[in-house]
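The next block holds one structure in the form of structure tokens; read it before the comments.
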Amino acid sequence: MLAELRRHNYVTPTNYLELVSGYKKLLFDKKNELGGAADKLRNGLSKIDDTRQKVEKMSIELEDAKTKVAQFQKQCDEYLVIIVQQKRKADEQQKVMGAK
């Protein structure tokens, strides 16, 4: 710096104190900024964890619902077979009655 300006550059106590106070302000601002970002990250991670727990619970409920649906589907198929058989009997009886 001496070669560029061709003079000595002295730091006065006032300048040094201004530099230190500027550094402290910058440090405080960055600490607040990073603290806010860390809070957002913690909040996001807790939301993800809550969502994961809810998804696990819902997947268990889904498995239970699937088994119930399978049971009801089987019952419906059985009832459908019974209904078809009764309909055939009714049609046959109607033909017999119609022929008389």
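Quick note: the coordinates plus some simple rules give every number you see, no bench work behind them. Owing to the predicted nature of the structure, the values given are computational and were not obtained by experimental measurement. Don't worry about glycine lacking a Cβ; one is built from the backbone with ideal geometry, like all the others, and counts go over all protein chains shown.
Report the residue, chosen from Asp50, Asp64, Asp77, that carries the largest GNM mean-square fluctuation when the chain is represented by alpha-carbon nodes joined by springs under 10 Å.
Maximum among the listed residues: Asp77.
Of the lysine pairs in the range 6-88, how many meet both conditions: Cα atoms under 16 Å apart, and a spacing of 8 or more in sequence or different chains?
5
Starting from the range 3-91, pick out the chymotrypsin sites (Phe, Trp or Tyr not before Pro) whose DSSP state is loop and whose Cβ has at most 14 other Cβ atoms within 10 Å.
Sites meeting the loop and neighbour criteria: Tyr10.
Among Gly35, Gly44, Gly22, whose mean-square fluctuation peaks in a Gaussian network model of the chain (Cα, cutoff 10 Å)?
Gly22
With the chain treated as a Gaussian network of Cα nodes joined by springs under 10 Å, which of Lys30, Lys68, Lys89 yields the largest mean-square fluctuation?
Lys89
Which of [x] 3.45; [y] 3.25; [z] 1.17 is the computed Cα Rg over 2.2 N^0.38 Å for the structure on display?
Answer label, from the structure shown: [y].
For the chain, take the longest principal axis of its alpha carbons; what is the angle in degrees between that and the long axis of helix 13-99, to the nearest 10 within 0 to 90?
0 degrees
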